[in-house]
Amino acid sequence: MNTFRSLITGVTVVAAGAAAAATLATTGTASAGPADSPRARTFTLRAHHGSDANIDLGTTGFSAGDQDLFTGSLSRNGAHAGRFAGTCTTVRAGKTTADQLCEFVLHLAHGQITAAGTVRSGRSGPGTFALPILGGTGRYGTAAGQITVTATNGNAFPIAITLH
């Protein structure tokens, strides 16, 4: 089960955190509206794995209650765009899938963004998933939208950010 946990932590947690952080890298804010609204704006960042720690809080081994802590950096067009920190708590660990509740705080030059939600992973990881942006500070005080993460096993992966 350690390989399964590794996929969830290394891909889901970092990918989701980086995705949320990517939202911070945008300039300005957008007004509320659906993702397909003419006012919606989408751009892509690259998330880079940083450090992570796994805390075994539930039953010994990968189980409900375990926590994953993580950090990493973000880039846009090859330039440093910010950093992120977050945590995911495993809420269900089955034989072939697991669910985690994740929260991310993203730091960019002009403020922070918070994103949170649940992610379901299988033995090969979470694949592509979307998480809601909950809000932010500074320039991102009215941030709303979603991030779409395409999880890979590589050192960096794309994150599409849609603000509306």
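Derivation of every value follows stated rules applied to the coordinates shown; laboratory data play no part. Keep in mind that this is a model prediction, so the values were computed, not measured. Note: ideal-geometry Cβ built from the backbone for every residue, glycine included; neighbour counts use all protein chains shown.
For T152 and S63, FRET efficiency with R0 = 25 Å and r from the beta-carbon atoms, rounded to 0.05?
0.45
At 7 Å along Cα-to-Cβ for each site, give me the label-to-label distance between S124 and N77 in nm.
It is 3.5 nm.
Counting Lys +1, Arg +1, Asp -1, Glu -1, what net charge surrounds H110 among other residues with beta carbon under 15 Å of its beta carbon?
After counting each charged neighbour, the total is +3.
Got a sec? How would H80, H48, H110, H164 order by Cβ neighbour count within 10 Å, fewest to most?
Ranking H80, H48, H110, H164 by Cβ neighbours within 10 Å, fewest first, gives H80, H110, H48, H164.
Could you compute the net charge surrounding L74? Neighbours are other residues with a C-beta less than 12 Å from the C-beta of L74; K and R count +1, D and E count -1.
Combined, the nearby Lys, Arg, Asp and Glu give +3.
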